[in-house]
Amino acid sequence: MGKTTIPVGKNQTIEMEITGLTHEGQGVGRYQGFTLFVPHALPGEKVEVKVVKVKKTYGYGRLMEIKDASPYRAEPPCPIYKKCGGCQLQHINYEEQLRQKEQLVRDNLSRIGGLEHVRIHPTIGMENPWRYRNKAQVPIGEEKGGLIGGFYAAGSHQIIDMEACLIQHEKNDEVVQAVKEIASSLGISAYHEETHQGLIRHVVAKIGFRTGEVMVVLITNGEEIPQKDSLIEGILQKVDGIRSIVQNINTKRTNVIFGEKTKTLWGEEVIYDDIGNIKFAISARSFFQVNPVQTEKLYNKALEYAGLTGKETVIDAYCGIGTISLFLARHAKQVYGVEIVPEAISDAKKNARLNRIENVTFAVGEAEKVIPWWYAQGIKADVMVIDPPRKGCNEELLKTIIDMKPKRVVYVSCNPSTLARDLRILEDGGFKTIEVQPVDMFPHTVHVECVVQIKRAESRMK
Ligand code: SAH
């Protein structure tokens with residue numbers, strides 16, 4: 001191996017050109033052949049950079065000055081954008097964000113999956129890509145006797161106060177502000193991580209976009225809330241639309257937000273929201289898609305790709321609280337959903353009853369074990385839906401799909417690289433990737449969701 005010299009040193013200021021964007025949204029370029037990552041810089045830009053970290057084969061620079069700005073650069077509307085880190089793409093205009101996400105999918109499919117010729121549609125974006133989240137989870141701290149709440153400063157657990165988050169529904173901001181103010185005025189303490197003392201750890205606010213129903217969850221280090229009635233009264237007076245105030249008790253020294261015990265302090269135990277024409281009950285701890293507007297577009301695409309006529313047996317692997325299963329059930333003969341988290345399956349069953357949907361069966365377990373067992377019992381899917389976590393599908397499950405030979409597979413993915421890997425395996429097993437629809441579920445962040453239509457490659461199998 002030849003000895004390479006590194007052309008930059010720490011704290012050196014250099015001028016360079018940015019040539020690409022990483023999947024984390026950082027600008028990247030080469031300075032005399034040496035790779036430097038520069039957060040907040042964009043492809044095509046000439047920038048002045050201060051080198052802040054140098055490793056053997058790459059380094060990091062801090063953007064000091066933009067000499068030549070990209071036409072796609074946007075002024076981030078959020079005043080705390082750089083400190084917070086929750087969004088990574090606010091400095092890129094929205095149209096370009098959507099194009100970058102499409103490109104990321106294309107790059108992954110060809111590089112990892114060897115799928116150059118698959119049709120990839122332009123990313124489906126939002127008409128108004130702000131204020132889209134229906135759930136806020138805010139850590140609470142104390143400063144000069146008052147409560148603060150916001151986000152952790154990068155790389156630490158120091159809480160920075162925040163009044164508004166521009167990707168959060170206004171109502172959730174309002175709830176968090178109200179709890180901070182009222183609890184402060186009543187002298188209720190916030191939890192301190194180091195000493196394990198103090199009461200309020202997190203405030204979680206949820207809103208049903210269609211129904212307007214609001215839930216407030218107070219996560220506390222202990223059961224007893226001093227001045228509980230005044231606190232509840234104060235929140236109800238300050239914020240309209242509240243249907244549920246819930247306490248969750250977490251007395252552990254842990255980063256995990258929720259504890260085991262939940263009790264309703266006021267109103268209902270759940271709030272409701274609709275996606276399409278399906279109603280969902282949302283409890284303090286249950287998982288629910290955080291961008292309901294885009295979720296509906298995503299599921300409509302999944303429904304279209306499933307090509308249901310009412311005669312099909314569908315298996316929904318990784319079904320969560322059964323959202324996709326229920327969305328498809330009215331168009332299928334029978335739907336089977338499987339999910340590893342027991343509470344999610346219990347929510348899924350409740351949601352089926354709530355909507356009077358009877359042609360769904362939910363099971364708790366690992367998809368890779370339950371589906372082969374179903375297959376052995378003679379349950380065979382015409383259409384298979386898979387919506388795995390970021391690490392992608394289990395290989396055993398892919399093998400089962402290849403054996404079972406469903407006519408169509410609909411793959412919903414939140415990670416283009418594991419998607420590409422799994423599509424390759426399905427292609428090698430006799431399936432063909434027909435088209436890919438990226439959907440922007442999380443505007444201004446680097447995340448990208450895809451729905452993929454996959455069919456049995458009939459002609460090749462004959
Ligand atoms: N389809 C659902 C949730 C998808 S998230 C929705 O749209 O809301 C992925 C889900 O897979 C999570 O709920 C997770 O608990 C579940 N999961 C992870 N590993 C699993 C496995 N091996 N078998 C079944 N489910 C699994």
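The values are calculated or read from the model by the stated rules, or taken from the named source; none is laboratory data. In this text, all values refer to a predicted model and were calculated from it rather than measured experimentally. Ideal geometry is used to build each Cβ from the backbone, glycine not excepted, and the neighbour counts take in all protein chains shown. Surface accessibility is based on the protein's heavy atoms, side chains included, excluding ligands, DNA and RNA. Shrake-Rupley method; radii C 1.70, N 1.55, O 1.52, S 1.80 Å.
General remarks:
- Pairwise alpha-carbon distances in the range 16-106 exceed 19 Å for 38% of all pairs.
- Cleavage-rule hits, GluC sites (Glu not before Pro), the range 34-133, DSSP coil, Cβ neighbours within 10 Å at most 13: Glu116, Glu127
- Dipole magnitude of the range 135-275 about its Cα centre (Cβ charges: Lys, Arg +1; Asp, Glu -1), debye to nearest 20: 280 debye
- Sites matching GluC sites (Glu not before Pro) across the range 200-268 that sit in DSSP coil, with at most 11 neighbouring C-beta atoms within 10 Å: Glu223, Glu224, Glu260
- Counted over the chain, the DSSP beta bridges are approximately 65% antiparallel.
- The chain: Rg to Rh, with Rh as the Kirkwood radius over Cα pairs: 1.00
- In Hz, Karplus ³J(HN,Hα) per residue of the range 355-366 (6.51, -1.76, 1.60; θ = phi - 60°; x = Gly, Pro): 9, 6, 9, 10, 9, 10, 10, 10, 9, 8, x, 7
- Neighbour-limited loop hits for trypsin sites (Lys or Arg not before Pro), the range 1-88 (at most 14 other Cβ within 10 Å; DSSP other than H, G, I, E, B): Lys3, Lys10, Lys55, Lys56
- Centre separation in Å (Cα based) which lies between the range 9-53 and the range 121-179: 30 Å
- With every protein chain in place and a 1.4 angstrom probe, the accessible-area ranking of Asp316, Asp107, largest first, reads Asp107, Asp316.
- Pairs spanning more than 31 Å between alpha-carbon atoms, out of Lys10/Lys46; Lys311/Lys350; Lys101/Lys180; Lys206/Lys405; Lys10/Lys67; Lys297/Lys333: Lys101/Lys180; Lys206/Lys405.
- In terms of the mean number of neighbouring beta-carbon atoms within 10 Å, the peptides 278-288, 346-356 order highest first as 278-288, 346-356.
- Alpha carbon centroid spacing (whole Å) that separates the range 214-263 from the range 55-83: 39 Å
- D_trans [Stokes-Einstein, Kirkwood Rh over alpha-carbon pairs] for the range 13-68, 37 °C, 0.692 mPa s, µm² s⁻¹: 309 µm²/s
- The range 135-275 - convex hull of the alpha-carbon atoms, volume per residue in Å³: 114 Å³
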